[in-house]
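Have a look at the structure below before the remarks.
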Amino acid sequence: MQGWLKVASIPGEVDLARLSSYLYQQKLAHKVTEEVGQQVIWVQHSEHIEPLRRLLEQFLLGDIAIEASAGEAPPAAERLVQRLRRHWRVRPVTFSSLVLSVLGALLVYLDGGLDWVRYLSFDRQQLLAGELWRLATPVFLHFGPFHIAFNGMWLWVLGTKLEAFMGPSRLLGLILVIGVLSNTAQHLWSGTALFGGMSGVIYGLIGFIWLRQRLAPVAVLALPPGIIGFMLFWLVLCMSGVVTWIAQVGIANAAHLAGLVVGAVAGVLSAGRAAPRRQQP
């Protein structure tokens with residue numbers, strides 16, 4: 001048995017799951033790794049390099065369609081791992097924020113006494129004592145399946161667009177600023193009440209895209225018609241008290257409004273930085 005031998009490097013966005021399934025079915029030992037934005041295919045026998053390289057070339061050109069054999073189950077676990085790793089590599093901030101939000105929802109569900117939840121909540125006295133993480137961590141706490149499902153969906157839709165537009169570092173900074181300011185606003189409004197959720201950040205991302213697109217539109221931030229209007233309508237509906245009355249749950253309206261304002265200001269600033277570049281010949 002030889003060591004692993006490199007066959008080829010493929011762009012990270014190419015989905016190799018079906019090809020990998022086919023190779024597994026053919027009992028061809030191989031593996032796919034990721035290196036600096038590329039997927040690298042390896043085999044264990046030198047005689048497999050050229051045949052696999054030709055097969056890969058045909059696959060990438062679309063000259064052949066790889067289909068899984070009907071009698072064999074594809075390696076679902078392998079595909080899942082590859083997909084998760086690809087999301088982590090392409091959109092690390094959005095992916096990590098979503099994972100932490102899901103973990104926060106599980107913590108709320110499992111922590112019956114809310115001891116750990118309160119350790120992550122906004123507490124002015126503990127903040128003054130130096131526990132500064134409390135400024136941000138409430139955004140990951142979610143109370144119920146609808147809460148995490150709604151916020152998780154919008155976080156993924158908006159976060160992936162913004163991460164492609166501004167990159168991971170700037171998106172992380174934007175989320176932290178919106179999260180801290182929206183949490184602070186909610187605490188000033190509701191006092192010691194326990195609150196949490198990513199919705200303040202989501203409204204911040206909505207506000208950023210809304211103003212950025214009105215002032216200096218870019219294709220990557222385009223949203224389907226009506227999305228901004230729906231989210232603003234939902235904000236007003238929540239602030240009216242109707243949702244609280246029907247669902248019998250508290251709504252962090254101050255966090256929503258503060259997040260929207262902070263995001264909108266950031267969107268205006270971003271558009272202002274883009275304006276001189278548009279005026280260049």
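Full extension from Asp15 to Ala77: what is 0.36 nm times the residue separation minus their Cα-Cα distance, to one decimal in nm? It would help to have the intermediate numbers written out before the result.
On the way: separation 62, 0.36 × 62 = 22.32 nm, distance 1.49 nm.
Additional length available on full extension: 20.8 nm.
Alpha carbon centre of the stretch 209-225 versus the stretch 87-111: separation in Å?
Result: 26 Å between the Cα centres.
I need the calculated FRET efficiency for the pair His45 and Glu131, taking r as the beta carbon distance and R₀ as 45 Å, to the nearest 0.05.
Computed FRET efficiency for His45 and Glu131: 0.20.
Nearest 500 deg cm²/dmol is fine: what mean residue ellipticity at 222 nm does the chain get from its DSSP H runs of n ≥ 4 alone, each adding -39,500 (n - 2.57), divided by its residue count?
Value at 222 nm, helices only, nearest 500: -20500 deg cm²/dmol.
Note down the relative contact order for the stretch 92-279 as a percent, whole number, built from C-alpha pairs under 8 angstrom at least six residues apart. Don't jump to the answer; show the numbers that get you there.
Details: 250 pairs, mean separation 47.1, N = 188.
That works out to 25 percent.
Across the stretch 159-165, in residue order, what do the Karplus-derived ³J(HN,Hα) couplings come to in whole Hz, using 6.51 cos²θ - 1.76 cosθ + 1.60 with θ = phi - 60° and x for Gly and Pro?
x, 5, 5, 5, 5, 5, 7
Hey, fewest Cβ within 10 Å first, where do Leu172, Leu205, Leu155 land in order?
Lowest count first: Leu172, Leu155, Leu205.
At what distance in nm do the modelled label points of Met153 and Trp189 sit from each other, each positioned 7 Å from its Cα along Cα→Cβ?
My value for the distance between the label points is 2.3 nm.
Mind checking which lysines have their Cα closer than 19 Å to the Cα of Lys6? Skip sequence neighbours fewer than 8 apart in that chain.
List returned: Lys27, Lys31.
Just name one of Met153, Gly267, Gly179: the one whose Cα is farthest towards the positive end of the charge dipole of the stretch 92-279 (beta-carbon charges, Lys/Arg +1, Asp/Glu -1).
Gly267
Arrange Ser97, Ser46 by Cβ neighbour counts within 10 Å, fewest through most, would you? Don't skip to the answer; put the middle values down first.
Values: Ser97 24, Ser46 9.
Listing Ser97, Ser46 from fewest to most nearby Cβ atoms yields Ser46, Ser97.
Hey, fewest Cβ within 10 Å first, where do Tyr109, Tyr22, Tyr203 land in order?
The most exposed by this proxy come first: Tyr109, Tyr22, Tyr203.
Say we join alpha carbon atoms closer than 10 Å with springs in a Gaussian network model of the chain; which of Gln25, Gln82, Gln213 then has the biggest fluctuation?
Gln25
Taken together, the values in this text are just the output of simple stated rules run on the coordinates, not laboratory data. Since the model is a prediction, treat every value here as computed from it, not as a measurement. Cβ coordinates were reconstructed from backbone atoms using ideal geometry, including for glycine residues, and neighbour counts include every protein chain displayed.
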